Every structure is written in structure tokens, then in C-alpha cells.
Amino acid sequence: MAGKKAARQRHLNQETDGEESASAGPEAWKIHYEKSWLHRCYASLLHKDKQARKAGQLFSGLLAMNVVFLGCAFISSMIFNRVAIILRDVWIFLSILKILSLCWIVYYLLGTSRKSHAVLYRDSHAGPVWVKGSLVLFGACSILLNVFRIGYDVSHRHCKSQVEILFPCIEIVFIGVQTYLLWHHCKDCTQVQHNLSRCGLMLTMATDLLLWLLAVTNDSVHKEIESALKGNETSSCTCLNTTACRVFQKGYILLYPFNTEYCLISCSMLYIMWKNVGRHIPHQQAIHASPKFKLHEVIFGLVLGTSAVIIGICIFMTYQIQATSSASRQTAFVLYYSYYIVLVPVMTVGALAGTVIHGLEERELDTLKNPTRSLDVILLMGAALGQIGISYFSIVAIVATDPGDLLNRLILTYSISLIIQLITQNIFIIEGLHRQPLVEDTDASHAGPHPQDSGPPSDETAASRSGQEPTPPPGDKETESKEGEKCGDCDPRRVYALETQQEVRMGSSAYTRTYSRLNWKRKALKEISIFLVLCNIILWIMPTFGMHPAFENGLETSFYGYSTWFAIVNFGLPLGVFYRMHSVGGLLEVYVSS
């Protein structure tokens, strides 16, 4: 105690200078002690909050992992042993998961979200309008798909069990309620019932993931309908109404791909909600000016992209007609691969040019924590691996067999070009997502013409650019003296605030002038982005609606064997389709932020 008193006395003697300093010394020492105690207490509370959040995420993640592994075991057992585990068993397991997920969603909508202080923050980056639009579109198509499935089963009710009709009904309810949750609450940062919300979100996400896995791996219903359309339907299970059956069969085949896309979109949005549970968003990050989508001053990218879409649709229709005929099958493959070989390098050049322009820009990087952007980057990189993997398997098969054949040369060029295009496009999108969005200062822009539009700059403008104070006109000295007399007794804090506001206005004006001079870069980025958007749309349409030459050309199938190549393509192709759709959203983000 004596040592502490001596140290305290030395501390006071060092800061003592006269009676006033001596009287202020003990107070300063007390304030310093209380501040340190509060800081330690506050830091410990933050540490406990972060520790509890990590523990909740770990527990809910383990729950989802166990559910997914159990579902994968069911689905794999059905594939490898269709006697012990049949499709009905998998449907029962998934129906139980859907019912549990529905119970949590209803509880969240009616209970958790309506509690006081339940949603204090909302993530403005989560759920952009095109993601919500895709969710509703694919959700509606998935509901319609299940309606066609119910109609198909009802038309075969003499050979179908009533339980099989129940499963699509449960899925319709699940899709409808989940779509409502994601549409209205995808931005929520839930602040109550953290662990329950995390577990419910992870359970629902695991259910969607297993539904996607089942749709990708199990094609028995699809094959059954295709065989019926070809007239190979067995006499023991014939359709009671032939016309209605044809409608249900065609509708089911047409809408089948939308179900897989809906499941992946739902998984990504549920993951963002899970990451946002318990998250506190700073005020300056929560309130920001969001740039709007405006399709003006974009000509070349729109024209080139529209041309690519129109040509692609023509080639798609030609392929569908010629691929059914063995005589013109080779021509259909040559036409398909030639279209890709022309389009994909142009997309690569556009992505490379956009990346270079990103490097020339003076926009700062956005380093704030953003779970949505992090997930976008992961999905872009992960989904691209599907098509890249298929391309590398094709390259090995071609080089090892006959690379001199015309079709093989086309497939080889197609595969190499596609790998390069996917990599360059990912770099371009990721660079754009990490840039600060440009929001022009409307007040500055409407206050008057830009310097380059109004002739030579004035002395004030030139002085502000050079960092010097502008020279006042000769007649303003009297005004300055009057203002000095008025502000002689002003509060220094008020004067400092006024000076700060003036500096901010000058900085904002300089920022706007800078980007008006760089307008060509922004315009080029918008042209490239809209061109790549349209190209990715047509490259999404073609494989989604049945254009699968990797299955039909026979080269890789004969090299790897049917089972191996079927597994490779069945895994990589849905990822490639999802990549094209997801890259459209990323490119639109780059477009509006340019």
C-alpha cells in the first residue's frame, strides 16, 4: 500500500504546477481509473457476446451438417440399392424435414419477428431486387411443377399410391411459405432468440440443399415421363386421360430445371439470414445511398448482347430439331460448339477490359464486413468449378483419343475457351463487387455546370484545385471586415463546424468533378456489364431447357464409361447452370455501382 501511495504521489507531483493543477490532479486520476474499469467491463461484455455468437453458429452448423449427411446417406442408398431404400423412403424423410421447417417458419413469422426489439437492424445488401425476382419466378415455376406432378399422379391413380400425391402437396406449401419468409424477412438481423433462429434457418437450408441433391441425382420420374412420351409406357400403368397426361408430362419436363435453381437461391438467402442473426450494423453502414438501375446511355453492349441472345435462340431451336435426327446430328453439334467458340472469347475480352478499367479507376475498395458479398464470391468460385471440371475431363478425353477430328477439335477449343472465360469473368465480377458504389452528389451536379462545360475555370475553382485559398475580389474587403466583426464573439466550436461543412462541400464537389472527367470509364463498365449479362442469360437458357451435347456427343461417354461420365456431368452441369444465373446478379451489381 505504501508503494502504491508513493507512486500516486509522484504522479500527482509531476502534473502539479501551482494550486490549480494540484487541485485538478486527483480528479484526473480518479477519472482515469473509472474509465479503465468501464473499458475493461465493456470489453469483457463484447467478448462474451462474440463468444456466444460463435457458439450458436457452431451448434446450428453442426445440426445442419448432421441433417445433410443423413439425407445424403438416404439418397445414396436409394441410388446404389433401389431394393432396400426406395424413392418413397427418401420422400418421407424429406417431408418430415419440410414439416419441421414449416413449423419454425410459422413460429418466426408469428412470434419471433413480432417481438419488441426483434429486428433493430436490416442488412441493406441482402436480397437485391433481382434475387427476389428470381426467387419468386423460380418458386412459382416450382409450384406449377408440383401441380403438374400431382395431375400426372392423379391420372395414374390406379397404379400410384395416395402417399405419392401427398408429397408434392407438402412441397407446394413449403415453397409458398418459404418464399414469403425470404421475400419479407431476408434483410432481418434478428436480435432475439438467437439460437432458435439459427437452428431453424440451418434446418430449412439443409432441407433445400437435400431437395436440390435429390433433383440432381434422381431422374427416375423424368425418365418415366420421357419413356411415356416416346410410347414405351407399360400396359400395367397406362394413363386414364391421354390428352391431360400429355399436358402434365410436357409441363413437368419443361419446368423441371427451375426447381433446382429455386433450391440454390433459397439456400443462399437463408445463409445470409443465418449470418445476420445477432449482427449489429453501424449506423453509417446501415444508411447509405443505393444506386438505381437505369438503362440509359448504354448502346453497344445492349445491341451486341441482344444479338447474341437472338442468335443463340435460333441455334437452340435448330439444335432441338436436328438432334432428334441421326442424319443431321453431327451438324447440330458443329453448330452448337461453333456458336460457343465465337461468343465465349468475346466475353473473355470484355471481362479482361473491364478488369483493366477497374484498375484504372480511382474508386476505393469497400472493406466493410458484408456477408452477402462474401457469399456471392464463394458461390461464384464454387459454381464455376462444375463447368471447369467438365471441361478438363473433356480435354483429357480428346487429347487421349483423336484430337484431329473436326468435332473433337471444336470440343477441345470450346473447353479451353470456357475455362478462360469463367476465370476472367469471376475476376471482373469480384473486382466490381469490392468497389465502393458511385453515387453522384445531386446537389453539386444541379448547382451549376461542370467546370469543363462552362469555359475556363475561375480563380476560385483553380485555387480550390491547387489547395490554395482563393483571392477575394477587391470589393469584398469591407464584407470580410463586417463578417469578422460579427464573428468576433462566435463560439469557436461553431466556427470549426462551419469550416468543416465547407471543406466537405468542397470535397464533394471535387469528387463529382473527378468522376465527370472519368465518365468514359464508367460508361465502358456499364457497356461491358450489360453485354455480359445478356450473354450469361442465353448461356443459362440453352442448357436449362435441354441442350446437353456433353451427354449426346458420345466422345466422353465412350472414354470414361456411361456411369462415370453420367455422374460427372450430373454433378457439374447443374452447378454450371446455377453459375450463369448467379453471375447475372453479380454483373447487375457491377452495372449499378459503376
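The values are calculated or read from the model by the stated rules, or taken from the named source; none is laboratory data. Small disclaimer: the values here were computed from a predicted structure and weren't measured. Here Cβ is always computed from backbone atoms with ideal geometry, including for glycine, and neighbour counts include all displayed protein chains. Just so you know, the surface numbers come from the protein's heavy atoms only, side chains and all, with ligands and any DNA or RNA stripped out. Shrake-Rupley method; radii C 1.70, N 1.55, O 1.52, S 1.80 Å.
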Q: Would you mind calculating the gained length between Ile427 and Val163 on full extension (0.36 nm times residue separation, minus the Cα-Cα distance), in nm to one decimal?
A: 90.2 nm
Q. Can you pull the percent of region 70-164's accessible area that's carbon plus sulfur, 1.4 Å probe, other chains left in place?
A. 68 percent
Q: Set the Förster distance to 25 Å, then compute FRET efficiency between Arg409 and Met317 from the Cβ-Cβ distance, nearest 0.05.
A: 0.45
Q: Rank Leu102, Leu135, Ser116 by how far each Cα sits towards the positive end of the charge dipole of region 73-135 (+1 on Lys, Arg Cβ; -1 on Asp, Glu Cβ) and give me just the farthest.
A: Ser116
(Q) Can you give the FRET efficiency to the nearest 0.05 for Val154 and Leu63, using r as the Cβ-Cβ distance and R₀ = 35 Å? (A) 0.45
Q: Note the full-extension length gain between Ile416 and Phe559 as 0.36 nm times their separation in residues minus their Cα-Cα distance, in nm to one decimal.
A: 49.6 nm
Q) So, in nm, how far is label Ile86 from label Cys72 when the simple model puts each one 7 Å beyond its Cα toward the Cβ? A) 2.7 nm
Q: Working with all protein chains in place, sort Phe566, Phe167 by solvent-accessible area computed with a 1.4 Å probe, largest first.
A: Phe566, Phe167
**Q.** Separation in nanometres of the label points that stand 7 Å from Cα toward Cβ, at Val129 and Lys523
**A.** 2.5 nm
(Q) Between Phe300 and Val177, what is 0.36 nm times their sequence separation minus the Cα-Cα distance? Round to one decimal in nm. (A) 40.1 nm
**Q.** Per-pair calculated FRET efficiency, R0 = 51 Å: Arg279 and Leu335 via Cβ, rounded to 0.05
**A.** 0.50
Q. If you roll a 1.4 Å probe over region 370-416 with all protein chains in place, what percent of the accessible area is carbon or sulfur?
A. 72 percent
Q) How far apart, in nm, are the 7 Å Cα→Cβ label points at Leu365 and Tyr107? A) 4.2 nm
